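These notes concern the structure reproduced below.
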Amino acid sequence: MTETKSDLLPEMAIRRFDVFAEYTRQERVAKGEPSDEAKGYGIWLAKVVASRRSGFRSESTDKHGARRDASQPHDKFRSVGDEEQTDLVFDHDIIDRMGDAFYEHVFVPAIEAAREKGDRYEDIRDGIRRGWKPSKKKS
């Protein structure tokens, strides 16, 4: 039996964090940013927001500061603590966690469709994840 897109399930639970990072990645790509930089920015911003919501604030949270002037030149990737947030970190923390097939065939298209409808992240962050329960099978 062949798996269809509707049969695909994530390997682990999908978090608001995942939705936010991907939503942000797609926004940056839509604005013309290279894919690798968009991934790095998406994971960086998700981690910065998550750390602030959990009450953690540190001078090392990001090396550019929260209110960096958009006209200032920037490094290709930003850091959280001592860890540079790159496209490879995005791939590990988001894609590898949920599984390549689920990410490519279910997750990305669902967020693209929501963005195309004009839905904001806050409007979709919980509802979009509702039916995505992790698969029972172990790799």
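The values are calculated or read from the model by the stated rules, or taken from the named source; none is laboratory data. Since this is a predicted model, take the numbers as computed values, not measurements. Cβ sites come from the backbone with ideal geometry, for glycine too, and all protein chains shown count toward neighbours.
Taking every residue in region 92-107 that is among the aromatic types (Phe, Trp, Tyr) and pairing it with any residue that is assigned to a helix (DSSP H, G or I), at least 6 positions away or on another chain, the pairs with Cβ-Cβ distances below 6 Å are Tyr103/Ile95. Taking region 117-139 as the range and being at pLDDT 95 or above and more than 17 Å from the chain's Cα centre (by Cα) as the test, the residues that pass are Lys117, Gly118.
Rundown of residues vs (1) surrounded by fewer than 16 Cβ atoms within 10 Å (Cβ to Cβ); (2) part of a helix (DSSP H, G or I); (3) among the hydrophobic types (A, V, I, L, M, F, W, C); (4) in contact with a helix residue (DSSP H, G or I) (Cβ under 6 Å, 6 or more places away or on another chain), yes/no style:
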{"residue": "Glu84", "(1), (2), (3), (4)": "no, no, no, no"}
{"residue": "Phe90", "(1), (2), (3), (4)": "no, yes, yes, yes"}
{"residue": "Ile94", "(1), (2), (3), (4)": "no, yes, yes, yes"}
{"residue": "Arg97", "(1), (2), (3), (4)": "no, yes, no, no"}
{"residue": "Phe102", "(1), (2), (3), (4)": "no, yes, yes, no"}
{"residue": "Phe107", "(1), (2), (3), (4)": "no, yes, yes, no"}
{"residue": "Ala114", "(1), (2), (3), (4)": "no, yes, yes, yes"}
{"residue": "Gly118", "(1), (2), (3), (4)": "yes, no, no, no"}
{"residue": "Glu122", "(1), (2), (3), (4)": "yes, yes, no, no"}
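All conditions in (1) out of contact with any Leu (no Cβ under 6 Å at 6 or more places or on another chain); (2) more than 17 Å from Val48 (Cβ to Cβ) hold for Val89, with the sole exception of (2). Of all the residues in region 30-54, those that are surrounded by fewer than 19 Cβ atoms within 10 Å (Cβ to Cβ) and in contact with a strand residue (DSSP E or B) (Cβ under 8 Å, 6 or more places away or on another chain) number 2.
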